[in-house]
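The next block holds one structure in the form of structure tokens; read it before the comments.
The values are calculated or read from the model by the stated rules, or taken from the named source; none is laboratory data. All values reported here derive from a predicted model rather than from experimental measurement. No Cβ is skipped: glycine too gets one built from the backbone with ideal geometry, and neighbour counts run over all protein chains shown.
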Amino acid sequence: MKAKKWGKNPLSVLFLVCLLFLLFGLKPASGRDAKTDEQKPERLITMNAEYSGIVVPKGEDVSMDLIFQNKGRSDETVSVKIAEKPKGWKAKIKTYRFLVTGILVPADEKKTLTFEAVPEKGITPGDYRFKVEAKTHDSRFQMSQDILITVKAEDDKEKEERGVKLTTSYPVIRGPSDAKFEFSMEVDSKLDKDSVFDLFAQGPAEWDINFKPAYESKYISSIRLKGNQNQTIAVEVKPSINSPAGEYPILVRVSSGDAKGEAKLMVILTGTYNLEVGTVSGLLSIEARQGKPANLSFYIKNTGSAANSGIKFMSFKPENWKVEFKPELIETIEPGGLKQVEMTITPYEEALVGDYSVSVNVEGEKASKTIEFRTTVKASAAWGWIGIGIIVLVIAGLFGLFRWLGRR
């Protein structure tokens, strides 16, 4: 009886299957994790430099990570120091805020410190070797790492750029041709004295390029910096309205005496999207009769700097009216291109005589335009002839009546 009862209740069967899965399916995974932990050694820690050897230009600071990895099952406290450093260099181990002489590395985790070396003035090109040593609190694990810094001689370009450095986080910006672009740039003086740096920019012809202090609207042509000071400035770029889509490089340069620096920026124009809709005569009115089609043509011009595709039409008309377009869809209009569209308006057969509004929305891929036409509905010509006939009949009747009355 029980088997029969379970078979008739699918929810009970599903509950039993899930319960068995939880009881037996999760146990092996837990066992595997415990087994993996047991395979790890009780204690094992390593130290490595991010780069054991690097090449830098003369006068350049060096900064890299020291990586501590605890591969054991016990937390480790490690003391660290710079055991050897060459003459003419300052070196230290730190975090983003503090100098560091020791670090806690939890089991199965990584920790990093920063090794920093700063050359003094007069350092000549050559090889400079540093040694970093570390050990656990009980000295069971003692580690050392050699770091070789090779200082190379300056080439002509580096000599030109010494004394000041230009950096920007976003050297490439894209947008439409009618937009205004703004680059944020940091000017970093490497000179020991106060200096005035002249600002210069070279870009496409007829483009407007100006320098501004950060978060200010006034334009500047130079900037004063104290010794070893840096300051952020803004480079405002306004493209020529006729600039087609494409890539445009801009060169920015700062200079003060022999100290020179430059940076390359890039503006990518995607073009502008704009449509013009109208009639050749400039008139936006049409006359029509009830139930009879009336034709009107209008043009669409691409006044943007990028091609506009998939142009379609939508009409807003009185109830029971018909509005048709030929063609119904324009695939593409190139910049400066012109297309003509034939529109047919058919008023409702019982429309009253008077003026009506018909709006047409021209919608492209990235631009749209609405134009409104005044449609004047006039009475059908048949009613005119009927009216004339009635007038003739009335006149004839009156004439007959007068003659009959005259005979009497």
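Which one is modelled with the highest pLDDT among residues in segment 307-330 that are aliphatic (A, V, I, L, M) and touching a Ser or Thr at 6+ places or on another chain (Cβ under 7 Å)?
My answer is VAL323.
Please work out if ALA351 is in a loop (DSSP other than H, G, I, E, B), of a type outside the set (S, T, N, Q) and farther than 30 Å from PRO176 by Cβ.
Answer is yes for this residue.
To keep it simple, each residue is scored yes or no on (1) of a type in the set (A, V, I, L, M, F, W, C); (2) closer than 29 Å to ASN308 by Cβ.
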residue	(1), (2)
PRO249	no, yes
VAL254	yes, no
GLY261	no, no
LYS264	no, no
LEU269	yes, yes
GLY278	no, yes
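Within segment 359-377, does at least one residue satisfy the condition of being closer than 17 Å to VAL277 by Cα, aromatic (Phe, Trp, Tyr), crowded, with 17+ Cβ neighbours inside 10 Å and in contact (Cβ under 8 Å) with a residue 60 or more places away in the chain?
Scanning segment 359-377, I find at least one residue that is closer than 17 Å to VAL277 by Cα, aromatic (Phe, Trp, Tyr), crowded, with 17+ Cβ neighbours inside 10 Å and in contact (Cβ under 8 Å) with a residue 60 or more places away in the chain, so the answer is yes.
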